[in-house]
Amino acid sequence: MVLKENAGIPASVLWTLAIVAGISVANLYYNQPLLNMIKADFGTSEFQTNMVAMYAQIGYAVGLLFIIPLGDLYHRKRIIEVNFSLLVLSLLSIAVAPSFYLVLIASFVTGVCSVVPQIFIPIAAQFSTPERKGRNVGMVVSGLLTGILASRVISGLVGDLWGWRAMYYIAAAAMVICFFVVMRVLPDIAPTFKGSYGGLMKSIFSLIREYPQLRVYAGRAGLAFGSFLSLWACLAFKMSLPPFNAGSDVVGLLGLCGIAGALSASFVGRYVKTLGVKRFNYLGCALMLLAWLLLFFVPDAYWSIIAGIIIIDIGMQCIQISNQTSMFEVSQKAANRVNTIFMTTYFVGGSLGTFLSGLAWTWGLWPGVVCVGILLILGSLCLTCFTRH
């Protein structure tokens with residue numbers, strides 16, 4: 001099978017991209033409901049334990065910056081093959097880790113190698129017909145988001161039943177299956193960049209200089225993602241306190257509340273061109289601010305926690321999908337490099353939110369976390385208000 005640019009992508013390939021994207025990205029988020037269990041196992045503080053999530057996010061940003069551009073230089077199946085192989089090793093290392101520091105190192109490597117979905121998204125954008133581009137990108141992102149949601153639910157339940165290490169054995173097995181599925185279904189895609197790796201990386205900075213809209217799209221999405229992850233980075237700690245006194249299973253099940261965000265991704269992708277990227281950003285920021293205000297004024301009720309998660313997820317997708325789809329319109333020939341700019345900034349923002357919320361929890365518990373979330377989403381809103389893109 002040979003794919004041609006803008007000529008359409010078979011449903012079988014698109015579904016494979018969406019499903020494997022979800023299973024792959026889940027590796028980043030298994031730790032969130034399990035943080036209290038990891039803390040108890042190694043005797044670390046809450047701030048130290050929060051570094052597990054932060055190291056994974058930083059690793060992901062590093063992988064986005066240095067690995068995803070290779071999709072324009074080398075055959076993508078080879079890149080995917082190497083990443084899946086390393087993922088199996090890093091996930092098994094977390095499962096058997098005798099020390100907390102090995103968990104941190106392996107979490108970083110897991111983050112670096114979990115960038116496979118970000119190779120899939122440019123494929124959906126590059127080879128879809130123009131009228132279905134936004135919809136197909138939204139479909140792959142929906143698969144990715146479903147994986148994020150399912151990861152929290154599954155890891156919470158597995159952790160409650162068999163302990164946190166069992167989750168990483170299961171994750172390693174899932175990566176082996178994904179490896180064989182992708183190798184069988186995904187066609188070989190020829191590189192689009194002629195030159196060296198150094199030239200490829202220099203071209204990324206040339207794109208950033210040449211197209212200021214790339215900076216705007218990526219920056220406001222990154223700040224919004226930092227706000228979004230501020231919630232999830234400390235939710236397990238909050239839910240373990242009165243009046244909830246909840247375990248990892250409850251924190252995992254709360255991930256199901258985000259299904260509304262996953263379902264909204266395709267809708268946003270379908271109407272970005274009609275409504276415009278700025279309108280979706282105003283809507284997304286308004287929803288996320290509403291969610292944080294609700295979590296601030298009603299912090300100790302299940303209904304407000306659930307409502308806050310639903311609203312913040314929908315708001316996040318309004319911002320992410322509209323900006324990411326618009327990024328691909330800037331330069332289709334450099335789809336992987338454009339996605340590198342977007343997603344590296346996106347996860348740097350996520351790492352910033354995770355780090356700041358960890359500090360805020362140490363100093364001010366839940367009100368401190370809410371303040372971090374509000375400040376970051378206000379930063380995203382300012383980029384929309386004071387730029388023309």
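Throughout, read-outs are computed from the coordinates displayed, never taken from laboratory work. Just so it is clear, the structure is predicted and the values come from calculations on it, not from any experiment. Cβ atoms come from the backbone with ideal geometry, glycine included; neighbour counts cover every protein chain shown.
Note on the stretch 1-129: semi-axes of the ellipsoid equivalent to its C-alpha gyration tensor, largest first and rounded to whole Å, are 33, 13, 12.
When each of the peptides 319-326, 45-52 is scored by how many other beta carbons lie within 10 Å of its residues on average, the order from highest to lowest is 319-326, 45-52.
Considering only the Cα atoms of the stretch 11-385, their convex hull presents on average a projected area of 16.5 nm². Each Lys and Arg Cβ is given +1 and each Asp and Glu Cβ -1; about its Cα centre, the chain then shows a dipole of about 1140 debye.
Ranking SER24, VAL298, LEU64 by how far each Cα lies toward the positive end of the dipole of the chain (charges on Cβ) leaves LEU64 at the top. Close Lys pairs in the chain, defined as Cα atoms under 15 Å apart and 8 or more places apart or on different chains, number 7. For the stretch 76-137, the average shadow cast by the Cα convex hull is 4.8 nm², which is a quarter of the hull's surface.
For the peptides 245-256, 56-67, the ranking by mean Cβ contacts within 10 Å, running from highest to lowest, is 56-67, 245-256.
Label sites at CYS382 and VAL96, each approximated as a point 7 angstrom past Cα along Cα to Cβ, lie 4.9 nm apart.
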